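The values are calculated or read from the model by the stated rules, or taken from the named source; none is laboratory data. What you see is a predicted model, and the numbers here were worked out from it, not measured in a lab. Quick reminder, even Gly has a Cβ in these numbers, built from the backbone with ideal geometry, and neighbours come from all protein chains shown. All accessible areas refer to the heavy atoms of the entire protein, side chains included, with ligands and DNA or RNA removed. Shrake-Rupley method; radii C 1.70, N 1.55, O 1.52, S 1.80 Å.
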Amino acid sequence: MTRTEKDRSTVGAVERSVETGTPAKMATTSTDYDTISPASRQPFRISDLLHPGAENAIPRRDLMSLTGLSDRELRLKIEAERRQGTPILSDCIGGYFLPGDQSELDRCVRSLRRRAKEIEVTAAAIERGGDEV
């Protein structure tokens, strides 16, 4: 009778291990070939690293260090988030930040539009042969 009870508990333990996964298989899996940490494989947003207000701006170099992204990759990621509607603001002094108030957002939009107009004037001048540059 004792033998039967032990057999049943062993069977139950095996059934439970099958139901919850195969721990023995997971424990023997090698991860030595991984060169990228699991955290760096997770999708993240630049905006999650930023704080509201120009006084809390983070320089691009610091964001590159935090994220491990190159300058180009970081700029592309910021642009992608902006185009999805995330208001990532920037200035020439501090770096990148989220709007602390409406005036900061308005100031950044004015700056971007002014730059866009300047680029358009330059492009038109080049197109005409450099008459106005």
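Taking region 82-98 as the range and being within 17 Å of the chain's Cα centre (by Cα) and either exposed (fewer than 12 other Cβ atoms within 10 Å of the Cβ) or of a type in the set (Phe, Trp, Tyr) (or both) as the test, the residues that pass are 83, 84, 85, 96, 97.
Total residues in region 62-75 satisfying the condition of being surrounded by fewer than 12 Cβ atoms within 10 Å (Cβ to Cβ) and either among the hydrophobic types (A, V, I, L, M, F, W, C) or assigned to a helix (DSSP H, G or I) (or both): the figure is 3.
When the residues of region 110-121 are filtered to those that are open to solvent by less than 100 Å² (accessible area, probe 1.4 Å) and at pLDDT 95 or above, which remaining residue is nearest to residue 61 (Cα to Cα)? Step by step, filter region 110-121, then rank; the result is 116. Yes or no: residue 79 at pLDDT 95 or above, of a type in the set (Asp, Glu) and loosely packed, with under 11 Cβ neighbours inside 10 Å? No: the conditions fail for residue 79. If we scan region 40-56, do we find a residue that is out of contact with any strand residue (DSSP E or B) (no Cβ under 9 Å at 6 or more places or on another chain), hydrophobic (A, V, I, L, M, F, W, C) and at pLDDT below 95? Yes, region 40-56 has at least one match.
Would you call residue 101 over 17 Å from the mean Cα position of the chain (by Cα) and open to solvent by less than 60 Å² (accessible area, probe 1.4 Å)? In short, no. Among the residues making up region 48-61, those that are of a type outside the set (S, T, N, Q) and either open to solvent by less than 80 Å² (accessible area, probe 1.4 Å) or touching a helix residue (DSSP H, G or I) at 6+ places or on another chain (Cβ under 8 Å) (or both) are 49, 50, 52, 53, 54, 57, 58, 59, 60.
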